[in-house]
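The values are calculated or read from the model by the stated rules, or taken from the named source; none is laboratory data. These numbers come from a predicted model, not from an experiment. Here the Cβ positions follow ideal geometry from the backbone for every residue, glycine too, while neighbour counts run over all protein chains shown.
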Amino acid sequence: MKWEGNRESDNVEDRRDGGGAGGGGRGGRIFGGRGIGIGTIVIALLGGWILGVNPLTILGLLSGEGGAPVAQVQRAPANSAPANDPMKRFVSTVLADTEDVWKDVFTQGGATYQEPTLVLFRGSTPTACGQGQAAMGPFYCPGDHKVYIDLGFYETLRSQLGAPGDFAQAYVIAHEVGHHVQNLLGISGKMEQMRSRVSKTEYNALSVRLELQADCFAGVWAHHASNARQLLEQGDVEEAMNAAARIGDDALQRGSGGAIVPESFTHGSSAQRQRWFANGLKNGSVKGCDTFTTRQL
């Protein structure tokens, strides 16, 4: 992945030294007190949070009828990346690239893209969605428009989940930014409204569609980043596809030694996650990421 020397985002808040922990708050409650995260698959499999959405609403959003108003979020001052912190420079550069891509995509659609903040932390940190924990993996909090990541997750991704490579790491960030895009489009708010209206099984099925759409949005980012800046190198797509496969619900259930129970899936199977990332990568289209009205995931 050709990221060295590219622009770094100013929207990075580093809480690893104990500073910058303010600004998140602990009073908010979004999606049962949890954010939307690629790493929450483990929590979900253990009976954690589940999400729901109205498919008709999503169809309207993706066909250009507009989304819900976006709340203004107070940001804590961002810290610049020190020269001796390559991982912070890496995630700052990836975030900057997602900003450039989604700004262009939103502008072409007649809208304004609001950039999220990426929060680096260790162990735990307060968020508008409740107390964030490193064990949750990377996650997005709609309540404060922030992506949270303990960089130790990348070691887990590499050594425990078998998904090494810098583009696999970039895919993780792009997926969480995909949840931010869903929030800006009003999808996240509509999902929260459905929480008490559908059964747990229906919730699971709709949650899968939400996560697969975020995978597709990650592919949309990669499509435009590659076309505009030749970001991708040989083997990068394979790294992302491998990561998508390793974090599929069926792969995680199989790896834990339990039975594969499709009705319990909340993020999608390995094949589904690969398919929707590849779809976004190939087409580069937000409308092409309509996971909520298609019959075949």
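Just to be sure, is Ala96 modelled with pLDDT under 95 and among the aliphatic types (A, V, I, L, M)?
No, not satisfied.
Just give me the residues in the range 188-208 being surrounded by fewer than 24 Cβ atoms within 10 Å (Cβ to Cβ), part of a helix (DSSP H, G or I) and of a type outside the set (S, T, N, Q), in sequence order.
Gly189, Lys190, Glu192, Lys200, Glu202, Tyr203, Ala205, Leu206, Val208
Condition check ((1) more than 21 Å from His180 (Cα to Cα); (2) among the hydrophobic types (A, V, I, L, M, F, W, C)) across all residues:
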{"position": "Asn227", "(1), (2)": "yes, no"}
{"position": "Leu231", "(1), (2)": "yes, yes"}
{"position": "Asn242", "(1), (2)": "yes, no"}
{"position": "Ala245", "(1), (2)": "yes, yes"}
{"position": "Arg254", "(1), (2)": "yes, no"}
{"position": "Asn283", "(1), (2)": "no, no"}
{"position": "Thr294", "(1), (2)": "yes, no"}
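For the range 231-241, which residues satisfy the criterion of being more than 15 Å from Trp3 (Cβ to Cβ) and buried (at least 21 other Cβ atoms within 10 Å of the Cβ)?
Passing the criteria: only Met241.
Going by the structure shown, is Gln253 buried (at least 20 other Cβ atoms within 10 Å of the Cβ), part of a helix (DSSP H, G or I) and polar (S, T, N, Q)?
The answer is no for Gln253.
Could you check Ala222 against (1) out of contact with any Leu (no Cβ under 8 Å at 6 or more places or on another chain); (2) free of Cβ contacts under 8 Å to residues at least 60 places away in the same chain and say which number it fails?
The one condition Ala222 does not meet is (1).
Does the range 156-187 hold any residues that are assigned to a loop (DSSP other than H, G, I, E, B), more than 18 Å from Leu281 (Cβ to Cβ) and modelled with pLDDT of 85 or more, and which are they?
Scanning the range 156-187 gives Gly162, Pro164, Leu185, Gly186.
Here is a list: Ala228, Ala222, Ala218. Which entry is assigned to a helix (DSSP H, G or I) and either β-branched (Val, Ile, Thr) or surrounded by fewer than 24 Cβ atoms within 10 Å (Cβ to Cβ) (or both)?
Ala228
Every residue, every condition in (1) surrounded by fewer than 19 Cβ atoms within 10 Å (Cβ to Cβ); (2) without any contact (Cβ under 8 Å) to a residue 12 or more places away in the chain; (3) small (Gly, Ala, Ser), yes or no:
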residue	(1), (2), (3)
Gly110	yes, yes, yes
Pro116	no, no, no
Arg122	yes, no, no
Val147	no, no, no
Asp150	no, no, no
Glu155	yes, yes, no
Ala168	no, no, yes
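Within the range 88-105, which residues are without any contact (Cβ under 8 Å) to a residue 24 or more places away in the chain and out of contact with any Asp or Glu (no Cβ under 9 Å at 6 or more places or on another chain)?
Those that are without any contact (Cβ under 8 Å) to a residue 24 or more places away in the chain and out of contact with any Asp or Glu (no Cβ under 9 Å at 6 or more places or on another chain): none in the range 88-105.
Yes or no: Ser256 in contact (Cβ under 8 Å) with a residue 60 or more places away in the chain and more than 16 Å from the chain's Cα centre (by Cα)?
yes
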